[in-house]
């Protein structure tokens with residue numbers, strides 16, 4: 001699940017997460033924890049929960065589980081007769097997830113969402129949150145998620161539409177420059193991945209699909225900084241490869257808008273679920 005999502009390099013983010021310095025990894029884990037508590041992210045997840053409908057006795061896959069907060073909630077829903085497979089490519093985040101485990105039938109596993117080590121028709125449902133924007137081939141990943149889901153099960157995908165990100169209360173020219181800088185670091189499918197989820201599921205032969213855009217509303221810089229790294233002064237400037245003057249001017253503009261009380265940021269995250 002994405003912390004510094006728009007800061008993409010030539011390889012997928014988190015590909016080298018296990019090689020991160022310990023202090024950088026700790027900052028990432030703290031960011032994921034803050035996102036979990038954020039009311040807008042909770043609202044997005046509530047929408048997904050209502051669509052996935054986890055039930056006692058089910059076997060569910062959390063594909064890209066991060067530190068496992070959703071996996072643990074799913075485990076409580078499926079109960080002792082069910083199971084949650086919490087999969088992530090990072091051993092470091094899985095270690096953090098295991099440390100937080102307090103009961104519940106969760107099996108943590110290292111793996112690649114594009115090449116799942118699971119049998120066909122082996123799970124009742126899939127939760128995949130803000131992961132597909134980080135993989136090189138999201139359609140291959142979706143094919144894998146559909147493959148492992150039994151007939152009658154459900155696949156629930158949550159992902160960001162970074163092209164929807166907009167600000168108010170700040171100079172439009174400055175905001176535009178920052179957005180261009182951030183989007184220039186994204187691969188083509190990452191710009192609008194969220195809004196393409198429905199089409200991608202149709203392309204995989206699924207027909208009973210529900211697509212819900214959830215617009216996240218951030219009325220102050222502190223709230224926005226939890227989810228939007230380009231608003232967070234703790235994110236190193238070199239992450240953006242932006243000119244120093246642009247970065248410092250932008251942060252000053254954000255502070256001023258926050259002090260006036262007219263700051264606003266909006267971002268759409270799509271929740272798309274389909275019967276298999």
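The values are calculated or read from the model by the stated rules, or taken from the named source; none is laboratory data. Everything numeric here is computed off the predicted structure, so don't read it as measured data. With ideal geometry, Cβ positions are generated from the backbone for all residues, glycine too; neighbour counts draw on all protein chains shown.
Which of the residues belonging to region 36-58 are assigned to a loop (DSSP other than H, G, I, E, B) and within 14 Å of residue 76 (Cβ to Cβ)? Walk me through how you get there before you give the answer.
Initial filter on region 36-58 (assigned to a loop (DSSP other than H, G, I, E, B)): 38, 53-58.
Of everything in region 36-58, those that are assigned to a loop (DSSP other than H, G, I, E, B) and within 14 Å of residue 76 (Cβ to Cβ) turn out to be 54, 55, 56, 57, 58.
State all residues of region 175-232 that are more than 18 Å from the chain's Cα centre (by Cα), more than 25 Å from residue 149 (Cβ to Cβ) and not in a helix (DSSP H, G or I); if no residue qualifies, say none.
184, 219, 220 - these are the residues of region 175-232 that are more than 18 Å from the chain's Cα centre (by Cα), more than 25 Å from residue 149 (Cβ to Cβ) and not in a helix (DSSP H, G or I).
Go through region 233-276 and report how many residues are surrounded by 21 or more Cβ atoms within 10 Å (Cβ to Cβ), more than 20 Å from the chain's Cα centre (by Cα) and under 26 Å from residue 197 (Cβ atoms).
1
Name the single residue, out of those in region 61-110 being surrounded by fewer than 23 Cβ atoms within 10 Å (Cβ to Cβ) and at positive phi, that is modelled with the highest pLDDT.
Among them, the one singled out is 79.
Spot the failing condition for residue 186; the list is (1) crowded, with 18+ Cβ neighbours inside 10 Å; (2) at pLDDT 95 or above; (3) on the phi < 0 side of the Ramachandran plot, and only one is missed.
The number of the failed condition is (2).
Condition test on residue 129, is it more than 11 Å from residue 59 (Cα to Cα), touching a strand residue (DSSP E or B) at 6+ places or on another chain (Cβ under 9 Å) and touching a residue at least 24 places away in the same chain (Cβ under 8 Å)?
Considered against the rule, which asks whether it is more than 11 Å from residue 59 (Cα to Cα), touching a strand residue (DSSP E or B) at 6+ places or on another chain (Cβ under 9 Å) and touching a residue at least 24 places away in the same chain (Cβ under 8 Å), residue 129 comes out as yes.
Residue 140 - would you say it is without any contact (Cβ under 8 Å) to a residue 40 or more places away in the chain, touching a strand residue (DSSP E or B) at 6+ places or on another chain (Cβ under 9 Å) and either under 21 Å from residue 30 (Cα atoms) or surrounded by fewer than 20 Cβ atoms within 10 Å (Cβ to Cβ) (or both)? Lay out the reasoning, then the answer.
Working: without any contact (Cβ under 8 Å) to a residue 40 or more places away in the chain: yes; touching a strand residue (DSSP E or B) at 6+ places or on another chain (Cβ under 9 Å): yes; either under 21 Å from residue 30 (Cα atoms) or surrounded by fewer than 20 Cβ atoms within 10 Å (Cβ to Cβ) (or both): yes.
Considered against the rule, which asks whether it is without any contact (Cβ under 8 Å) to a residue 40 or more places away in the chain, touching a strand residue (DSSP E or B) at 6+ places or on another chain (Cβ under 9 Å) and either under 21 Å from residue 30 (Cα atoms) or surrounded by fewer than 20 Cβ atoms within 10 Å (Cβ to Cβ) (or both), residue 140 comes out as yes.
Determine if region 47-56 includes at least one residue that is more than 16 Å from residue 130 (Cα to Cα), touching a helix residue (DSSP H, G or I) at 6+ places or on another chain (Cβ under 9 Å), free of Cβ contacts under 8 Å to residues at least 60 places away in the same chain and buried (at least 21 other Cβ atoms within 10 Å of the Cβ).
Checked against the condition, which is being more than 16 Å from residue 130 (Cα to Cα), touching a helix residue (DSSP H, G or I) at 6+ places or on another chain (Cβ under 9 Å), free of Cβ contacts under 8 Å to residues at least 60 places away in the same chain and buried (at least 21 other Cβ atoms within 10 Å of the Cβ), region 47-56 yields no hits at all.
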